[in-house]
Structure formats: structure tokens, C-alpha cells
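The values are calculated or read from the model by the stated rules, or taken from the named source; none is laboratory data. Given the structure is predicted, the values throughout are model-derived calculations rather than measurements. For neighbour counting, all protein chains shown are included, and Cβ atoms are generated from backbone atoms with ideal geometry for every residue, glycine included.
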Amino acid sequence: MITTYERGKIDGRLEGKLEGKSKGKLEGKLEGGLEGKLEDRRETLLVQLEAKFGPLAPQVVQRLELLDMDQLRQLSVRLLKAGSVDELGLKG
């Protein structure tokens, strides 16, 4: 037989473990989801750049890989008006 105190202690531990596990799963999903969106946006821009300007130099692709979500978003807007890859600032 366990005391009320011991029962509360056990319940508290279980609750803490479950809460921590749930929080960890949620953070993992959010982080993975954001990374997936970033890669999707990067891939879309790569396709659009190649469609508009033809095959891209390796250094252009490398620079594209370094951009964060906000920079990719800005690039997607500038791409609409750009006449060359040079205008986008992607060449070394």
C-alpha cells in the first residue's frame, strides 16, 4: 500500500514525463516542418531560376543554399523583374 504523498509523487513524475515527451514531439514536428518548407521554397526557386535563366553556375546554387526563409521570399519577388542572375546578387 502506498501513501497519498507517494501516489502524488508518482503521478507528478508521470505527468512531467508525458508533458516533456509531448513538448519534444511538437518541437520536433515544428522544426522539421520549417526545415521542409525552407527546402521546398529553395527547390522551387532553383527550378524557377533555371527556367528563366538556363543552367545555373555551381556558385549560384551554393549561394542559394545559404539563404534563409526571409531571403528566399525576397528573392522570389525580385526574380519576377530580374533580367539576369547578376541582378539577383547570387553570383560570387
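Under 8 Å by Cβ, and 6 or more places apart or on different chains, what pairs join a residue from the range 4-21 that is at pLDDT 75 or above with one that is outside any helix (DSSP H, G or I)?
What qualifies is Ile10/Ile2.
Looking only at the range 39-62, which residues are under 17 Å from the mean Cα position of the chain (by Cα) and closer than 19 Å to Leu80 by Cα?
Asp40, Arg41, Arg42, Glu43, Thr44, Leu45, Leu46
With (1) free of Cβ contacts under 8 Å to residues at least 12 places away in the same chain; (2) of a type outside the set (Val, Ile, Thr); (3) part of a helix (DSSP H, G or I) as the list, and Leu72 as the residue in question, which single condition is left unmet?
Against the list (1) free of Cβ contacts under 8 Å to residues at least 12 places away in the same chain; (2) of a type outside the set (Val, Ile, Thr); (3) part of a helix (DSSP H, G or I), Leu72 comes up short only on (1).
Output the qualifying pairs, or none if there are none: Cβ atoms under 9 angstrom, residues six or more apart or on different chains, first residue in the range 51-64 and aliphatic (A, V, I, L, M), second residue loosely packed, with under 12 Cβ neighbours inside 10 Å.
Once the first residue is aliphatic (A, V, I, L, M) and sits in the range 51-64, its partners that are loosely packed, with under 12 Cβ neighbours inside 10 Å give Ala57/Gly92; Val60/Gly92.
Ser84 is checked against (1) at pLDDT 90 or above; (2) assigned to a helix (DSSP H, G or I); (3) not charged (D, E, K, R) and fails just one. What number does that condition carry?
(2)
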